[in-house]
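*Asks:* I have a structure I would like to understand better, so I am pasting it below and will then ask my questions one at a time.
The values are calculated or read from the model by the stated rules, or taken from the named source; none is laboratory data. Values in this document were obtained by computation on a predicted structure and should not be read as measured data. Reconstructed Cβ throughout: ideal geometry from the backbone, glycine too, with neighbour counts over all protein chains shown. Surface accessibility is based on the protein's heavy atoms, side chains included, excluding ligands, DNA and RNA. Shrake-Rupley method; radii C 1.70, N 1.55, O 1.52, S 1.80 Å.
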Amino acid sequence: AATREAYGPTLIKLAEAGHDIVALEADLSASTGGNKLRGPFPDRWYTVGAAEANMVCMAAGLAAAGKTAFAASFAVFMPGHCFDQIRISVVQQNLNVKLLASHGGVSVGEDGASAQAIEDLALMTSLPGLTVLVPSDVVEAEKAIWAAATTDGPFYIRVGRPKIPILHDEAYDFQ
């Protein structure tokens, strides 16, 4: 399973468990999986179109209002199109925004070179106060998303497109 496949189901589990989450998408929810939240929780899911900078600022506003805000796109677009908004509106304000970037790295299959992102990790690890997670499999991805949702502060979670082997069982203790 691809690490990105953990995102939508984990959002649903978080909402069902009573966590005050919202999810925003930049026109790629079919690929990131965030649209799965729309069915059971339509009032917690927003799509903003191809507008990553606006999405990050909206997530910051929702977090400032007390929500745990998830924002998802491809790694090439987030942080690629919105690094300044991430830096100033989310990280410098220490807001409870969880950024999920799919299609990280060079293994993006038929999406091609224009969807590849390697510089995203350099950008995001340069921001003091931002926790950066790169889960190794779908089990760790679910646990990383859950940990981000239940830990205050900004997070960047980078997930991949290709299916990869499962390395951990459900008893794995993510820390």
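*Asks:* In the stretch 19-77, which residues are at positive phi and more than 13 Å from the chain's Cα centre (by Cα)?
*Replies:* Within the stretch 19-77, Asp27, Gly49, Gly66 qualify.
*Asks:* Can you list residue pairs whose Cβ atoms sit under 7 Å apart, with the first residue in the stretch 81-98 being assigned to a loop (DSSP other than H, G, I, E, B) and the second being open to solvent by 50 Å² or more (accessible area, probe 1.4 Å) and at pLDDT 95 or above? Count only pairs 6 or more apart in sequence or on different chains.
*Replies:* So the pair list comes out as Asn94/Gly129; Leu95/Ala64; Asn96/Asp152.
*Asks:* Within the stretch 61-88, take every residue that is touching a Ser or Thr at 6+ places or on another chain (Cβ under 9 Å) and open to solvent by less than 10 Å² (accessible area, probe 1.4 Å) and give me the one that is farthest from Leu28 (Cα to Cα).
*Replies:* Step by step, filter the stretch 61-88, then rank; the result is Cys82.
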